[in-house]
Amino acid sequence: MNHIRIDRRRFLAVAATLPLVSRVAFARAASVPDARFVFILLRGALDGLATVPPCGDPSYAGLRREIAIPRPGEPNGALALDTTFALHPGLPFLHECWRAKALLVAHAVATPYRERSHFDGQDVLENGGVRPNAFASGWLNRALTALPQGRPGSHGETGIALGQNLPLTMRGPAPVASWSPSRLPAIDDDTLTRIADLYARDPVLSVRLADALAADEVAQGASMETAPRGGGARYLETLRAAGSFLAREEGPQVAMLDTTGWDTHANEGGAQGQLATRLGALDTGLRALKEALGAAWSRSVVVLATEFGRTAAVNGTRGTDHGTATVAFVLGGAVEGGRMLTDWPGLSRGALYQQRDLAPTLDLRSVLKGVLHDHLRVSSAALDSDVFPDSSMVRPAKDLIRA
């Protein structure tokens, strides 16, 4: 595993490890297919019944009471998808994608995990198995080894992780790069020039310095003029950087990042409030990702998933507790969208899982397999045995990708 973090404002620290830096020289990679893939992990258990409310389900409003999302057409109402489902009103970009048939929504979806621990649930989602701590590597890293250009003999990383740490999803045998926005002040151009002069006569270090700065220029080229202040700015910067890396023909093919803050036990809010604010930031970031991808958007797929859902009923603190099934999104110009992917179980008391949660009827691995097979051309054999071990009984979802 090669884990390389490149950031212009941390260059003085990076310079000490320049022998590793050349690994981000994506221009030296072997021929990379046009397909691009982004995986976004929403840590904390996203409330799928608020994000994609089943407003047409007769039990929904009674279960959700004061945090129920109003029906489409009502004040602060949800954004209609079909006669049963809608999007939270804080997701206008996703609604635009739906209308452009570039968004597919998977509902009542879950991993094989059936308990309610964030740590274990995230581990199962990331390791691609059926139980926590089953593997020390992640399903997406293992998928990289199965890509045509990821076979022995190719050069450079086909994947990049964006964030402060390398998530389990991207750990494993395939070499990956990483990048994160820095909390440190910028190094001035004069200092960088002096460093470049220092290494100018060294044929190895001078090239690796150039590689490092070139990679960071890609990320820094993502404009932050419209970014909000605070943590939202860092999230927006990360998504813009992901799009900028993947937009390059010689760049990585796959990117992964995560977000936190989806654990809404208290004061969750409905159309407005705590969750609405987070969903609005997510929606803004996804729009920025599309803009940064540019022409590459047409050949891109973005998947958003979370470790599990939340309870069907509101709790005593106007929030929701850890649940089971939830929602996942598949969007991008390469998606055969404008559709719901669900075997909806309903929200009546008898239909709930353990009489409290939305019942799972769709395996998240089926969605992921469908994308990896049809979009990234990972073979069925590799998906069943390596990417998601011992999962031959879970068939890939069909027709997720445009022909």
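The values are calculated or read from the model by the stated rules, or taken from the named source; none is laboratory data. If you're wondering where the values come from, they're calculated on a predicted model, not measured in any experiment. Quick reminder, even Gly has a Cβ in these numbers, built from the backbone with ideal geometry, and neighbours come from all protein chains shown.
With the requirement that a residue be of a type outside the set (S, T, N, Q) and either closer than 22 Å to Gly138 by Cβ or out of contact with any Ser or Thr (no Cβ under 9 Å at 6 or more places or on another chain) (or both), what does the stretch 251-272 give you? First the steps, then the outcome.
Step one: list which residues in the stretch 251-272 are of a type outside the set (S, T, N, Q), which gives 251-252, 254-258, 261-263, 265-266, 268-271.
Selection gives Gly251, Pro252, Val254, Ala255, Met256, Leu257, Asp258, Gly261, Trp262, Asp263, Gly270, Ala271.
Is there a residue in the stretch 247-260 that is assigned to a helix (DSSP H, G or I), closer than 25 Å to Phe93 by Cα, modelled with pLDDT of 95 or more and within 22 Å of the chain's Cα centre (by Cα)? Steps first, answer last, please.
Of all residues in the stretch 247-260, those assigned to a helix (DSSP H, G or I) come to 247.
Next, from what is left, pick out any that are closer than 25 Å to Phe93 by Cα: 247.
From the residues that got through so far, the ones that are modelled with pLDDT of 95 or more too are 247.
Cutting the leftovers down to within 22 Å of the chain's Cα centre (by Cα) gives us 247.
Yes - at least one qualifying residue is present in the stretch 247-260.
From the set of residues in the stretch 374-386 that are in contact with a helix residue (DSSP H, G or I) (Cβ under 6 Å, 6 or more places away or on another chain) and in a helix (DSSP H, G or I), which is surrounded by the fewest Cβ atoms within 10 Å (Cβ to Cβ)?
Checking each candidate, the answer is Asp386.
Answer yes or no: is there a residue in the stretch 12-23 that is at pLDDT 50 or above and either crowded, with 17+ Cβ neighbours inside 10 Å or within 30 Å of Leu376 (Cβ to Cβ) (or both).
No, the stretch 12-23 has no match at all.
Results for (1) out of contact with any Pro (no Cβ under 7 Å at 6 or more places or on another chain); (2) more than 28 Å from Leu376 (Cα to Cα); (3) modelled with pLDDT under 95, shown as yes or no for each residue.
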residue	(1), (2), (3)
Glu225	yes, yes, yes
Pro228	yes, yes, yes
Ala233	yes, yes, yes
Ala241	yes, no, no
Ala271	no, yes, no
Thr277	yes, yes, no
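Tell me, which helices (runs of 4 or more DSSP H) wholly within the stretch 59-140 include 3 or more residues that are within 21 Å of the chain's Cα centre (by Cα) and in contact (Cβ under 8 Å) with a residue 12 or more places away in the chain?
Once the helices (runs of 4 or more DSSP H) in the stretch 59-140 are filtered for at least 3 residues that are within 21 Å of the chain's Cα centre (by Cα) and in contact (Cβ under 8 Å) with a residue 12 or more places away in the chain, what remains is 92-99, 118-127.
What's the number of the only condition in (1) assigned to a helix (DSSP H, G or I); (2) over 20 Å from Val38 (Cα atoms); (3) not basic (Lys, Arg) that Leu368 fails to meet?
Condition not satisfied by Leu368: (2).
Could you list, in sequence order, the residues of the stretch 346-358 that are assigned to a loop (DSSP other than H, G, I, E, B) and among the aliphatic types (A, V, I, L, M)?
Leu347, Leu352, Leu358
Can you report the number of residues in the stretch 286-345 which are assigned to a loop (DSSP other than H, G, I, E, B), under 17 Å from Val367 (Cα atoms) and touching a Lys or Arg at 6+ places or on another chain (Cβ under 6 Å)?
The qualifying residues number 4.
Can you pull out the residues in the stretch 262-281 that are in a helix (DSSP H, G or I) and in contact (Cβ under 8 Å) with a residue 40 or more places away in the chain? Steps first, answer last, please.
Within the stretch 262-281, the first condition is being in a helix (DSSP H, G or I), and the residues that meet it are 274-281.
Result: Leu275, Ala276, Thr277, Leu279, Gly280, Ala281.
Residues of the stretch 108-136 being of a type in the set (Phe, Trp, Tyr) and surrounded by 15 or more Cβ atoms within 10 Å (Cβ to Cβ), which ones?
Tyr113, Phe135
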